[in-house]
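In what follows, a structure is listed as structure tokens, so that the remarks can point back to it.
The values are calculated or read from the model by the stated rules, or taken from the named source; none is laboratory data. All figures in this text were calculated on a predicted structure; none of them were measured in a lab. Cβ placement follows ideal geometry from the backbone for every residue including glycine, while neighbour counts extend to all protein chains displayed. We work out accessible area using only protein heavy atoms, side chains counted, and drop any ligands, DNA or RNA first. Shrake-Rupley method; radii C 1.70, N 1.55, O 1.52, S 1.80 Å.
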Amino acid sequence: MRKKVIISACLLGEFCRYDGKTKKYDELLEYFKEYEIIPFCPEAPLFGTPRERINVMLIDGKKRIVTDETNKDVTQLLEDEILSFIEKNQDADAIVLKSKSPSCGYKTTPVLDQKKEILKYENGIAADLFQSHYKALKIKDELTFSDF
């Protein structure tokens, strides 16, 4: 049975980013050519493409996902979408997420204050949920995947 890797869909060449673009990373496809690849993007199915940018914001001491222009809190919507994905994909062997993404960033996502100034860099919402559900797996991004 082939190993399975969850990879941010934009890194696979899907046009699912907020700006309608992709961040295809050919080296990633080559590295995981023996794996079954499971594309992941929690934002596109919920908000469409292109869409309003989202940010990770620290509000009352908690990380929340808030739309950039309309200031709508979409944290619960994203959590539900991500948890549904995790439930359907329990047996992954590796995870590679898009760096700096408010959903997928792993230790690289800007966390903003109410004035949208960067406070620190942490995980995006999906990276946090993946870390708590896939405890035995390493999580990497497109810049660090080659040391699995």
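When the listed pairs Lys98/Lys120; Lys21/Lys115; Lys115/Lys138 are checked against a 22 Å cut-off, the alpha-carbon distance exceeds it for Lys21/Lys115; Lys115/Lys138. Ignoring any ligand, DNA or RNA, what whole percent of the accessible area of the chain comes from carbon and sulfur when the probe is 1.4 angstrom? The C+S portion of the solvent-accessible surface of the chain is 49 percent.
Taking each DSSP H run with n ≥ 4 as -39500 (n - 2.57) and averaging over every residue of the chain yields -6500 deg cm²/dmol at 222 nm. Under 5 Å between amide hydrogens, built in the peptide plane, is the criterion, and for Lys107 it picks out Asn123, Gly124 among residues at least 5 positions away or on other chains. Each peptide in 138-145, 21-28 receives the mean, over its residues, of other Cβ atoms within 10 Å, and ordering these scores from highest gives 138-145, 21-28.
Structure note, pairs Lys33/Lys63; Lys24/Lys107; Lys88/Lys140; Lys4/Lys135; Lys24/Lys140: Cα-Cα distances above 25 angstrom occur for Lys33/Lys63.
Relative contact order for the chain: 22 percent, from Cα pairs under 8 Å spaced at least 6 residues apart, divided by residue count.
Near Glu14, no amide H atom lies under 5 Å from its own; only residues 5 or more places off or on other chains count, and H is placed 1.01 Å from N.
Label positions at Tyr31 and Ser132, each projected 7 Å from the Cα along the C-beta direction, are separated by 2.7 nm. For segment 75-133, applying the loop criterion from DSSP together with a ceiling of 12 other beta carbons within 10 Å to the trypsin sites (Lys or Arg not before Pro) yields Lys115, Lys116. Annotation for segment 57-131: GluC sites (Glu not before Pro) lying in DSSP loop with at most 14 further Cβ atoms inside 10 Å of their Cβ are Glu69, Glu117. The orientation-averaged projection of the convex hull spanning the C-alpha atoms of segment 62-148 amounts to 6.1 square nanometres. Amide H to amide H, with H built 1.01 Å from N, Asp141 comes under 5 Å of Leu97, counting only residues 5 or more places away or on other chains. What you get for segment 1-80, charging only the Cβ of Lys and Arg (+1) and of Asp and Glu (-1), is a dipole of about 140 debye around the Cα centre.
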